[in-house]
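Trainee: Okay, here's the structure, questions in a sec.
The values are calculated or read from the model by the stated rules, or taken from the named source; none is laboratory data. The structure displayed is predicted, hence computed values, not measured ones. Here the Cβ is made from the backbone with ideal geometry for all residues, glycine too, and neighbour counts use every protein chain on show.
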There are 2 protein chains.
Amino acid sequence: MKSQSEKSKQFAALHQAGNSFVIPNPWDIGSANAPGARFDHEYYRTTHMPLVKDRMGDSCKSYTIDKGLAGSAPGTPAIYVGMCHIFCDSVEVFQKGFGPHAQEIMCDVRNYTNLTPVMQISEVIVG
Amino acid sequence: MKSQSEKSKQFAALHQAGNSFVIPNPWDIGSANAPGARFDHEYYRTTHMPLVKDRMGDSCKSYTIDKGLAGSAPGTPAIYVGMCHIFCDSVEVFQKGFGPHAQEIMCDVRNYTNLTPVMQISEVIVG
């Protein structure tokens, strides 16, 4: 069983570096629509993401938060309840800033949702 | 069978307006990983998104493009091959700008991918 810190390092180590990259932190609708699913947008905005920024320091250049309102098909909910993008200069910078605090940050997730976040590394083509 | 224009109007009409909103245009990994899947990032950046901006005019305040590099689990690809966000002042403004050109824009999708885009309407909480 790997620790969160080890997982984070492994996660970052696998990824190529771009000139700039982004980590969308969207939430799976399958989980979002499960009975009893919750997502506290207020906590996410006022506590969780500021915690991430505080711990990452200058390695997090900036972040954005989107709140899903609706899907594209009539009557469907948004695929992702919430989404954040964390902007860093490189994967290495992300790893250095996030890795040491991964466990604390991931433990805080339970404070605003019972959903499982999905993540990916992207390169910013047009920002 | 509804036309693209009708679908677009129906799509927009169903959504609540926020102070600001965003349309992520991510791509389903299920399609992305299908045999024979293609996505021309160069065309997307230099032709498709500029086309969208040109047709929408001032109703599109700005847009961003992300290129997926990798997923979070070791050895997994990014969930979305590409993603764009289109920023508008409201759903109504989006509808007015996108609706009349929906058919032309959607027809251009085939020029850079054989995947099916997924969309959602979001409110920008932190931009």
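Trainee: Have a look at A:Ser59, A:Ser72 and point out the one that is of a type in the set (S, T, N, Q), more than 12 Å from the chain's Cα centre (by Cα) and facing chain B (nearest Cβ under 7 Å).
Mentor: So the residue among A:Ser59, A:Ser72 that is of a type in the set (S, T, N, Q), more than 12 Å from the chain's Cα centre (by Cα) and facing chain B (nearest Cβ under 7 Å) is A:Ser72.
Trainee: So which of A:Val109, A:Val124 is farther than 21 Å from B:Pro77 by Cα and surrounded by fewer than 18 Cβ atoms within 10 Å (Cβ to Cβ)?
Mentor: When all the criteria are applied, what remains is A:Val109.
Trainee: Sticking with this one: Just need a number here: residues in the range A:93-127 that are polar (S, T, N, Q) and more than 14 Å from chain B (Cβ to nearest Cβ).
Mentor: Number of matching residues: 4.
Trainee: Hey, another quick one. Is it the case that A:Cys84 is modelled with pLDDT of 80 or more and crowded, with 17+ Cβ neighbours inside 10 Å?
Mentor: Yes.
Trainee: Of all the residues that make up the range A:38-68, how many are touching a residue at least 60 places away in the same chain (Cβ under 8 Å) and either closer than 22 Å to A:Ser90 by Cα or β-branched (Val, Ile, Thr) (or both)?
Mentor: The total comes to 1.
Trainee: Being assigned to a helix (DSSP H, G or I) and within 20 Å of A:Met119 (Cα to Cα) is the filter here; which residues of the range A:34-43 pass it?
Mentor: Once the filter is applied, which keeps residues that are assigned to a helix (DSSP H, G or I) and within 20 Å of A:Met119 (Cα to Cα), the range A:34-43 yields A:His41, A:Tyr43.
Trainee: Then there's this: Do the conditions hold for B:Gln16, that is, is it within 11 Å of another protein chain (Cβ to nearest Cβ) and either modelled with pLDDT of 85 or more or under 16 Å from B:Gly99 (Cα atoms) (or both)?
Mentor: Taking the combined requirement at face value, the residue does not satisfy it.
Trainee: Please note which helices (runs of 4 or more DSSP H) are completely contained in the range B:44-122 and include at least 2 residues that are closer than 18 Å to A:Gly71 by Cβ.
Mentor: B:91-98, B:102-108
Trainee: Scanning for something surrounded by 14 or more Cβ atoms within 10 Å (Cβ to Cβ), among the aromatic types (Phe, Trp, Tyr) and modelled with pLDDT under 85, does the range B:89-102 turn up at least one residue?
Mentor: Checking the range B:89-102: at least one residue is surrounded by 14 or more Cβ atoms within 10 Å (Cβ to Cβ), among the aromatic types (Phe, Trp, Tyr) and modelled with pLDDT under 85.
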